[in-house]
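Step one of this worksheet: look at the structure below.
Read-outs throughout are calculated quantities, based only on the coordinates presented, and are distinct from any laboratory measurement. Nothing here was measured: the structure is a model prediction, and the numbers come from that model. All Cβ positions, even for glycine, are placed from backbone atoms using ideal geometry, and neighbour counts span all protein chains on display.
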Amino acid sequence: MIYQARPGQVSYGEAIGILLLDSSAPYIPGDVANATTYNFPVRFKKVPGLTVERIFNHDLSLLDQLIAAAQDLKNNGVRAITGDCGFMAIYQKSLAEELDLPVFISSLLQLPFISLLLGRKDKIGILTASAAALSSDVLKSCGAYLPERTAIAGLENQPCFRSAFIEEAGQLDRDKVEAEAISAALTMIKKDPAVKALLLECSVLPPYGAAIQQAVGLPVFDYVTMIDYVYSAVVKKRFNGFM
């Protein structure tokens, strides 16, 4: 087999590119921003200036910076580009138009798919970093506005979650954040028993997905389920079995 070098590219084998917020927190295994989360190599790229505050305020003024960062990932050989904040949904359509490769920048893109797995009267519970910031405009921006099919619970007022990921205190108590996430999920389901599946919007929540699922007994989707799925489409597995 003969391999061909790509001009300007100095490393290879990273199929998924991940755009990162300009934020600081302990990104533990399972987090989108932790490379050990994946069973395959990924490539990260921070978007300077794209802070938690600005993304919660739906700041579209950083589109050029996102395009430049995404283009850098593309130039370094990635086959698809995602992000590490569900609120990046506001950039989904612009990036998909600009880049000649798949863009799946928000975990919220899974909502239409999940809705088709359930009965028409069933709902999807969305556990989000900020219920206040998860507006209809954010959901509409990525084709995920399903008001009759969704229930939303935010973690912005949970003290440990808020300290670690919104105030960026630099420290994370994993067990306490997990307990807060489980409590929020259980409260949402108790309030709305029609919820039959969960979507963890925030990229820091996948580490707690298994514990949440054990507590609620429902399918749980998150950023990692989406990234694994798209990876399996852009890097097909070769089968070596027998009959």
Handout entry: Between helix 174-191 and the chain: long-axis angle, C-alpha atoms, 0 to 90°, nearest 10
Key = 60 degrees
Completion exercise
The equivalent-ellipsoid semi-axes of segment 84-212, taken as the square roots of five times the Cα gyration tensor eigenvalues and listed largest first in whole Å, are 24, 20, 12
Practice task
Beta carbons within 10 angstrom, averaged per residue: use that to sort the peptides 209-219, 152-162, 133-143, 84-94, highest first.
Solution key: 84-94, 152-162, 133-143, 209-219
Problem - Helix-derived mean residue ellipticity, 222 nm - over the chain, DSSP H n ≥ 4, -39500 (n - 2.57), to 500 - result: -9000 deg cm²/dmol
Completion exercise
With Cα coordinates, the longest principal axis of the chain makes an angle with the long axis of helix 223-234, in degrees rounded to 10, of 30 degrees
Exercise for the section: Name the long-range amide H neighbours of residue 46: under 5 Å, sequence gap of 5 or more, or other chain; modelled H, no Pro or chain starts. Expected result: 20
Handout entry: Unit charges on C-beta of K, R, D, E only; dipole of segment 93-231, Debye
Key = 680 debye
Handout entry: Simple label model, 7 Å out from Cα along Cβ direction - residue 218 to residue 101, nm
Key = 3.5 nm
Exercise for the section: Using per-residue counts of other Cβ atoms within 10 Å, averaged over each peptide, order 44-54, 169-179 from highest down. Expected result: 44-54, 169-179
Handout entry: Interatomic Cα distance distribution for the chain, bins of 10 angstrom, percent
Key = 7, 32, 36, 19, 5, 1
Exercise for the section: Among the listed pairs 74/196; 140/191; 190/236, give every one whose C-alpha distance is greater than 29 Å. Expected result: 74/196; 190/236
Completion exercise
Calc'd 3J(HN,Hα), segment 158-169, phi into Karplus 6.51 cos²θ - 1.76 cosθ + 1.60 (θ = phi - 60°), Hz, glycine/Pro = x, comes to 7, x, 6, 4, 4, 4, 6, 10, 9, 7, 6, 5
Fill in the blank from the handout: Phi-derived 3J(HN,Hα) across segment 85-92 with the Karplus relation (6.51, -1.76, 1.60, θ = phi - 60°), rounded Hz, x for Gly and Pro, is 7, x, 6, 5, 3, 5, 9, 3
Practice task
Kindly express, to the nearest 10 degrees and within the range 0 to 90, the angle between helix 63-75's C-alpha long axis and the longest C-alpha principal axis of the chain.
Solution key: 50 degrees
Exercise for the section: Mind giving me the FRET efficiency for residue 238 and residue 24? R0 is 41 Å, r the Cβ-Cβ distance, nearest 0.05 is fine. Expected result: 0.55
